[in-house]
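The values are calculated or read from the model by the stated rules, or taken from the named source; none is laboratory data. Being a predicted model, the structure only gives us computed values, none of them experimental. FYI the Cβ positions are ideal-geometry reconstructions off the backbone, even for glycines, and counts take in every protein chain you see.
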Amino acid sequence: MKVVTLVLAGVAVLSARTGGEQDVRNELKQRVAQYLKLRKEAVAKAPKLKDKAEPEEILAHKRAAAEAIRATRANARPGDVLTPAVQAYLKRVIRSEMAGKDGAPAKKAAKQGNPATEGATPVNVKVNATYPDSAPLSTVPATLLLRLPELPKELDFRFVGRTLVLHDVNAGVILDFIPNAMP
């Protein structure tokens, strides 16, 4: 009887944990969808890019899109997209992937291209800051990407030092971040 009770208790804990994780993943998905809607409206205000644009025109368009996004998100604060619950969840996933001897390869991979460890162009990690084009983009280990919530193509996760950054790929804007996410 005790074994059955323990098994049922374990299933209940796992079920609650999985449900909680799904709730957090859904929360992130909702916050990202809100951002993408805001982004679409902001970028629509920027000058259109020609089909066969020159590099200078592409860069100007990127800067205009970034400025439009910043203006629309002028009151954005840390935790707006990566809420405290999402941050705690992502930290758990990252730390479990990079912990101990088994996590050493993932941790090493995250240091590749990491602007804080490569001595490259510094990245000012704050909401709405520009991720400089001249700064390298860190590798996010494939094993970790498989465990993190999937992001739309407009966004990605990157590491700057031990900080996880949520980055708008096309506009080069830092949307949110989690300090000390990497062990």
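Return the residues of the range 110-124 that are farther than 9 Å from SER138 by Cβ and at pLDDT 85 or above; say none if nothing qualifies.
PRO122, VAL123, ASN124
For the subset of the range 89-113 comprising residues that are in a helix (DSSP H, G or I), touching a residue at least 40 places away in the same chain (Cβ under 8 Å) and among the aliphatic types (A, V, I, L, M), which member is nearest to LEU151 (Cα to Cα)?
Ranking the qualifying residues of the range 89-113, first place goes to LEU90.
Report, by residue number, each residue of the range 114-138 that is of a type in the set (S, T, N, Q), in contact with a strand residue (DSSP E or B) (Cβ under 7 Å, 6 or more places away or on another chain) and part of a loop (DSSP other than H, G, I, E, B).
Answer for the range 114-138, where residues must be of a type in the set (S, T, N, Q), in contact with a strand residue (DSSP E or B) (Cβ under 7 Å, 6 or more places away or on another chain) and part of a loop (DSSP other than H, G, I, E, B): ASN114, ASN128, SER138.
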